[in-house]
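What follows is a single structure, written as structure tokens, with notes after it.
The values are calculated or read from the model by the stated rules, or taken from the named source; none is laboratory data. Please read all numbers here as calculations on a predicted model, not as lab measurements. Cβ placement follows ideal geometry from the backbone for every residue including glycine, while neighbour counts extend to all protein chains displayed. Side chains included, ligands, DNA and RNA excluded: accessible areas come from the protein's heavy atoms. Shrake-Rupley method; radii C 1.70, N 1.55, O 1.52, S 1.80 Å.
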Amino acid sequence: MSIKAGDRLPDVKLKTMTADGPSEISTEEIFAGKTVVLFAVPGAFTPTCHNNHLPGFLENHDQLTSKGVDTIAVVGVNDVFVMDAWSKASGGEGKILYLADGSADFTKAVGMELDATAAGLGIRSKRYAMIVKDGVVQTLKVEDAPGSASASGAASVLEEL
């Protein structure tokens with residue numbers, strides 16, 4: 001069952017890259033006491049994710065934070081090294097928190113897994129965006145198709161803030 005507005009996010013560990021190397025970070029650390037925009041992608045560097053979805057959040061970073069967003073985060077079912085490389089290649093390092101969900105633990109816990117095995121990609125995440133306040137989902141926008149990034153794009157999220 002998928003998470004919905006009004007639900008509290010589950011306590012799950014993700015990975016992020018720090019100056020000291022890969023580090024675990026819990027959903028509690030990410031969301032407690034904060035307003036967070038979290039968007040999810042099927043995969044770092046994939047065409048829609050890299051060219052359409054992520055750029056909107058980078059371009060609208062200042063507008064999002066001016067509306068009270070403490071953190072903008074992206075989660076992908078990729079390892080921490082891929083997410084770190086993506087942060088550097090996209091210019092998002094220091095602006096967006098890149099979260100690696102390598103085994104899809106978070107993705108499965110929120111019911112957003114996408115079986116892309118037929119395309120040779122294994123289990124990935126559906127494309128979505130959510131506004132989370134103090135660990136509780138306020139708004140959730142899920143794309144009907146993984147190749148679309150309109151409902152879960154930054155412009156759509158800005159309209160909800």
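Listed here are the residues, each with its yes/no results for (1) polar (S, T, N, Q); (2) assigned to a helix (DSSP H, G or I); (3) open to solvent by 50 Å² or more (accessible area, probe 1.4 Å); (4) modelled with pLDDT of 90 or more.
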position	(1), (2), (3), (4)
Gln63	yes, yes, yes, yes
Met83	no, yes, no, yes
Ser103	yes, no, yes, yes
Phe106	no, yes, no, yes
Leu140	no, no, no, yes
Six or more apart or on different chains, Cβ under 9 Å: which pairs go from a residue in region 132-160 that's without any contact (Cβ under 8 Å) to a residue 40 or more places away in the chain and of a type in the set (Gly, Ala, Ser) to one that's open to solvent by 30 Å² or more (accessible area, probe 1.4 Å) and assigned to a strand (DSSP E or B)? Could you list them? Ala151/Lys141; Ala151/Val142; Ser156/Lys141
From the options Thr48, Thr16, residue that is outside any helix (DSSP H, G or I), of a type in the set (Ser, Thr, Tyr) and in contact (Cβ under 8 Å) with a residue 40 or more places away in the chain: Thr16
From (1) more than 18 Å from Glu29 (Cβ to Cβ); (2) surrounded by 21 or more Cβ atoms within 10 Å (Cβ to Cβ); (3) in contact with a Gly (Cβ under 7 Å, 6 or more places away or on another chain), pick out the condition that doesn't hold for Val157. (3)
When only residues in region 86-98 that are touching a Phe, Trp or Tyr at 6+ places or on another chain (Cβ under 8 Å) and either part of a loop (DSSP other than H, G, I, E, B) or open to solvent by less than 50 Å² (accessible area, probe 1.4 Å) (or both) count, which is nearest to Lys126 (Cα to Cα)? Tyr98
Does at least one position in region 110-118 carry a residue that is of a type in the set (A, V, I, L, M, F, W, C), in contact (Cβ under 8 Å) with a residue 60 or more places away in the chain, open to solvent by 10 Å² or more (accessible area, probe 1.4 Å) and not in a loop (DSSP other than H, G, I, E, B)? yes
Within region 119-138, how many residues turn out to be surrounded by fewer than 15 Cβ atoms within 10 Å (Cβ to Cβ) and under 13 Å from the mean Cα position of the chain (by Cα)? 0
